Amino acid sequence: MQNYASEDRYIKELDPKKHEIALSTEDLHVFYGTSEAIHGVSLPFERFKITALIGASGSGKSTYLRSLNRMNDNIEGTRVDGKIMYRDIDINGKGVNVYEMRKHIGMVFQRPNPFSKSIYDNITFAPKRNGIKNKKVLDELVETTLKQAALWDQVKDQLDQSALALSGGQQQRLCIARAIAMKPDILLLDEPASALDPISTSTVEDTLLSLKDHYTIIIVTHNMQQAGRISDYTAFFHLGNVLEYDITSNVFQRPKIQATEDYVSGRFG
Amino acid sequence: MDSKKWDKIATGVLYFIAGVMILILAFLLIFILWNGLPHVSWHFLTSPAKSFQSGGGIGIQLFNSFYLLILSMLISIPISIGAGIYLSEYAKKNWLTNLVRTSIDILSSLPSIVVGLFGFLVFSISAGLGFSILSGALALTVFNLPLLTRNVEESLRSISGSQREAGLALGLSKWETVLKIIIPEALPGIITGMILGAGRVFGEAAALIYTAGQSAPPLDFTNWNPFYIASPLNPLRPAETLAVHIWKINSEGIMPDASQVSAGASAVLIIAVLIFNFGARYVGNHIYRKMTGTK
Amino acid sequence: MNDEIKEKLLKKSRATRSEFRGRIISFVCTAIIVTVVVSIFYFVASKGLATFFSNKVNLWDFLSKTIWNPGSTDSHGSPQAGALPMIVGSFAVTILSAVIATPFAIATAVFMTEISPNKGYKILQPVTELLVGIPSVVYGFIGLSVVVPFVRHTFGGTGFGILAGTFVLFVMILPTVTSMSVDALRAVPRYYREASLALGATRWQTIYKVVLRSSAPGLATAVVFGMSRAFGEALAVQMVIGNAALLPHNLVSPASTLTSVLTMGMGNTVMGSAANNALWSLALLLLLMSLVFNLVINKIAKRGKF
């Protein structure tokens, strides 16, 4: 891999008057012990748009994503410096209720991780813990979220069966349904289709596109075609820095940075 | 001699020794069951023991064993689950965790007689509980905690971290995630360990001779008020268990049919151990199948 | 924007409180265990050291003298607490039983992992598990009714003594050492064996020169663990050893171990008396030995990681 000057960057500015910003980071650094994995990343994420984070493996895109809802808190020796602004609050600051925050910034992981409970319980588990007891409300929640995740037709007759009996693609869509059952503002997805076959992948992509109307989506992907197909904005990560951030078509067709061009044209990665 | 020949000889020797191992178990089981089972009758299992005359049973000892077992499991299960959660979920890599792990290691390797003497000193004498079920249950708890805790910790660790992330990403606290998601998934392992621990406790005697005591006063099985002195449920009465009984009648030698009673009691003890062993396996598998939905 | 959400983000919630509670609960449970261990040491040590500080028994006399009669005093006016007979007894049964059990256990483990890993393993695995599960009083009872008469007929004497104790402990630690040896052998990477076989070594040469050598630390741990079990076993040994606090002059004369004297004596002495304190000193010795075994196991385990 070539070494590119990290000063050589292009970060598109979004005018707050024209674009509503749902989440943004300011000079975000992530440290694992003494080594620095993310070297100060500042990015805005527009509301009801899909932003793709691309880059080679080890570029820090997943690490960055996981710090957005502070999932890195749980890894011993990890430190995150800098600001994560959400609703005018720095959610990386002290005194922020992390659990409450995660209800609004949901996450779907690389490998499908349904609970070993029934399909129905997978979706209603967290809402129930949050005090929704009404059976009718829960039933409705299960139906709407499964419909949104394009899974309803396949599982509506087996809601009480174990989620582990579903196929990988179905499990991943169940995880999406489970995440949106919390009615989050923002959905973080960490390579949600990388463990899936092409057909399941395209179903998941369709699901994401249809979710865009209600959710701000940030997705990490190593699949450039996927980023091109579904995202509105793309950020290119390289060795812990964002070298280019722009609307997706620009990144893929008219990249302004040499490193980006080399990556999207498949010269490394 | 060439190496091929050696290979054959060595293999033969290994087959022989493995056979001896099986023979030892077979001999033990057959000896105990052959000598013991003829003495086991409904009368033997339900009537009280006698000294200086033959024909006594093991009814009270059997009841004591079970009562003590249940009481000590009631105390040790919650503590071991709490400590197991701490070690698998919260413990950071620091000196405190090292201290905890070393303590558990040491406790698990302590001779049970030392645990029994500690219980005698602290529970029976200092705390004033005397020779009682409660002293015994506490001593057994001390004896059982390290293994149960390790079992809980290992069972929790065997559950993938992605399940924890799933819970946390939904805005649940770590504690809720562990309690409601990880523990239910780890349940087969945890329960198997608990049953095996129960089996160990059931046969333990050295920790009990100076805590639960070596006498089995008659019980009034019609009065279940735990505060009544002869009530079976009274936790402050002395309670010789089955295992202690076997040791006691053999070392005192004042029971004319001691060896028959011992054989019968040993048979009962062995059968209980077998049940605990197979039960642990069966229950563990059963829950696992039920939970994962594979039929 | 929605201010309600903003407010909630800065406030404690049910989840925060449950997390706090959970941390406290799990920490308290852990603290209980540590407290128990610390207090075991404190109580046993404070009682056991009284022999030396209150009753003025010389530590060296305690370890080297052979007359155990702590209820009465010697010509210097200090209790006759010579623990050598018990120390010798404990070490004798421990070492002898380990010497017999080790080849048996390792051979069985080799059989289970190398010779017949499918069928043999499937049969012997539950066999060892069941043997581990048999309560020690049952071993003691069988020792009393089978081993002691056998020793009496074969070697003469009363039958009670070191030899009978050794036999009983051998059978008791055999399954434990075996199953730990199996774990040690299974930890040897498969390519070690494949490499050796590929070089033309026979199966036995592979086992002897490759598998056993590379798993030596694990096997040593298993044996030491078995020894610590044997050293601490009380009732089964007490039932067959004969319980005479005398230096054993042969393997079939009645003897005693630290545990057997403790088992028999604790109920017959008055708390706080010199005789009682001397027993606690034996308990302290037992405690310290179990620490030593633990340390040795940790030392070996640290060395032998793959």
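Scanning residues 5 or more positions from A:L189 or on other chains, those with amide H under 5 Å from its amide H are A:V108, A:I218, A:I219, A:V220, with H placed 1.01 Å from N in the peptide plane.
When the helices in chain C are scored as -39500 (n - 2.57) per DSSP H run of 4 or longer and the sum is shared across all residues, what 222 nm value do you end up with, to the nearest 500 deg cm²/dmol?
On the way: 13 runs with 206 residues, N = 306.
After summing the helix terms and dividing by the residues of chain C, the value is -22500 deg cm²/dmol.
Rounded to the nearest 0.05, the FRET efficiency derived from the C-beta distance between A:M85 and A:Y10 at R0 = 22 Å is 0.50. Let's test the formula: R0 of 51 Å, r as the Cβ-Cβ distance of A:D139 and C:T16. What FRET efficiency results, to the nearest 0.05? That pair, A:D139 with C:T16, gives E of 0.95. When the helices of chain B are scored as -39500 (n - 2.57) per DSSP H run of n ≥ 4 and the total is divided over every residue, the value at 222 nm lands at -22000 deg cm²/dmol. For the protein assembly as shown, the calculated P(r), taken from all Cα-Cα distances in 10 Å bins from zero up to the bin holding the longest distance, is 2, 11, 17, 18, 16, 14, 11, 7, 3, 1, 0 percent. Karplus-derived 3J(HN,Hα) values for segment C:245-257, using 6.51 cos²θ - 1.76 cosθ + 1.60 with θ = phi - 60°, are 7, 10, 5, x, 9, 8, 7, 10, 8, x, 9, 7, 10 Hz; glycine and proline are entered as x. Scanning chain B for DSSP H helices at least 27 Å long along the axis (C-alpha atoms) with a Kyte-Doolittle mean no lower than 0.0 picks out B:3-36, B:59-85, B:133-157, B:183-203, B:258-292.
Peptide B:91-97 is shielded by partner chain Cβ atoms: per residue, an average of 2 of them sit within 10 Å of its Cβ. Cross-link partners for B:K290 among the lysines, with Cα-Cα distance under 20 Å and sequence neighbours closer than 8 places in the same chain left out: A:K117, B:K180. Of the residues C:F43, C:A31, C:F53, the one whose Cα sits farthest towards the positive end of the charge dipole of segment C:14-81 is C:A31 (charges of +1 on Lys and Arg Cβ, -1 on Asp and Glu Cβ, taken about the Cα centre). In this Cβ point-charge picture (+1 for Lys and Arg, -1 for Asp and Glu), the protein assembly as shown has a dipole of about 620 debye about its Cα centre.
Dipole of segment B:40-292, Cα-centred, from +1 at each Lys and Arg C-beta and -1 at each Asp and Glu C-beta, to the nearest 20 debye? Write out the running numbers ahead of the final one.
Numbers: 15 positive and 12 negative charges, 108 e Å.
So the magnitude is around 520 debye.
Between the C-alpha center of segment C:113-129 and that of segment C:51-103 there is a gap of 42 Å. Each Lys or Arg adds one and each Asp or Glu takes one away; over the other residues whose Cβ falls under 13 Å from the Cβ of B:S76, this sums to +1. Its Cα gyration tensor gives chain B an equivalent ellipsoid; the semi-axes, largest first and in whole Å, are 37, 31, 19.
Around A:K212, what is the net charge, scoring Lys/Arg as +1 and Asp/Glu as -1 over all other residues with Cβ under 15 Å from its Cβ?
Working: positive: A:R47, A:K49, A:R229; negative: A:E20, A:E46, A:D185, A:E205, A:D206, A:D213, A:D232.
Spelling it out: positives minus negatives among the neighbours equals -4.
For C:D3, the shell of other residues with beta-carbons less than 11 Å away shows a net charge of 0, using +1 for Lys and Arg and -1 for Asp and Glu. Think of segment B:40-292 as having a plus end and a minus end, set by charges on the Cβ of Lys, Arg, Asp and Glu; of B:G167, B:F143, B:L117, B:G167 sits farthest toward the positive end of this dipole. Long hydrophobic helices in chain C, taken as whole DSSP H segments with a C-alpha length of 30 Å or more on their own axis and mean Kyte-Doolittle hydropathy at least 0.0: C:14-53, C:84-110, C:162-186, C:274-303. Cross-link partners of A:K147 among aspartates and glutamates, defined as those whose alpha carbon lies under 19 angstrom from its own and excluding same-chain residues fewer than eight positions apart: A:D121, A:D139, A:D157, A:D160, A:D185, A:E205, A:D206, A:D213.
I'd like the trypsin sites (Lys or Arg not before Pro) in segment A:90-122 restricted to DSSP loop residues with at most 14 other Cβ atoms within 10 Å, sorted by number.
On the way: sites: A:K94, A:R102, A:K103, A:K117; in loops: A:K94, A:K117.
Those satisfying the criteria are A:K94.
A 27 angstrom limit on the alpha carbon distance is what I want to check against. Which of A:K183/A:K256; B:K8/C:K122; A:K135/A:K156; B:K92/C:K8 exceed it?
Numbers: A:K183/A:K256 37 Å; B:K8/C:K122 23 Å; A:K135/A:K156 16 Å; B:K92/C:K8 29 Å.
Exceeds cut-off: A:K183/A:K256; B:K92/C:K8.
Each residue, A:I199 and B:I9, gets one label point 7 Å from its Cα in the Cβ direction; the gap between the two is 6.4 nm. Nearest 10 degrees, 0 to 90: what angle lies between the long axis of helix A:198-211 and the longest principal axis of chain A (Cα atoms)? The answer is roughly 90 degrees.
Summary of the geometry: segment B:262-278 and segment C:253-306, compared by the centres of their Cα atoms, lie 29 Å apart.
By the rule of a C-alpha distance below 25 Å, with chain neighbours fewer than 8 residues away ignored, the lysines paired with C:K47 are C:K56, C:K65. Distance from the C-alpha centroid of segment C:182-239 to that of segment A:148-166: 50 Å, rounded to the whole angstrom. For segment C:84-303, a crude dipole built from +1 on the beta carbon of Lys and Arg and -1 on the beta carbon of Asp and Glu, taken about the Cα centre, is about 680 debye to the nearest 20.
Here each label is just a point 7 Å from Cα along the line to Cβ, and for A:F31 and C:V292 those points are 4.7 nm apart.
Could you work out [θ]222 nm for chain A from helices alone, using -39500 (n - 2.57) per DSSP H run of at least four and dividing by all its residues? Round to the nearest 500 deg cm²/dmol.
Values: 10 runs with 91 residues, N = 269.
Computed mean residue ellipticity for chain A: -9500 deg cm²/dmol.
Return the FRET efficiency for the residue pair C:Y208, A:R267: r is the Cβ-Cβ distance, R0 is 60 Å, and the value is rounded to the nearest 0.05.
Numbers: r = 55 Å, r/R0 = 0.92.
The computed FRET efficiency comes out at 0.65.
Put simply, the amide H of A:A235, placed in the peptide plane, has neighbours under 5 Å in A:A52, A:L53, A:I54, leaving out anything fewer than 5 places away on its chain.
Every read-out reported here was derived from the displayed coordinates using simple, explicitly stated rules and does not represent laboratory data. If you're wondering where the values come from, they're calculated on a predicted model, not measured in any experiment. Neighbour counts are summed over all protein chains in view; Cβ atoms, including those assigned to glycine, are modelled from backbone coordinates with ideal geometry.
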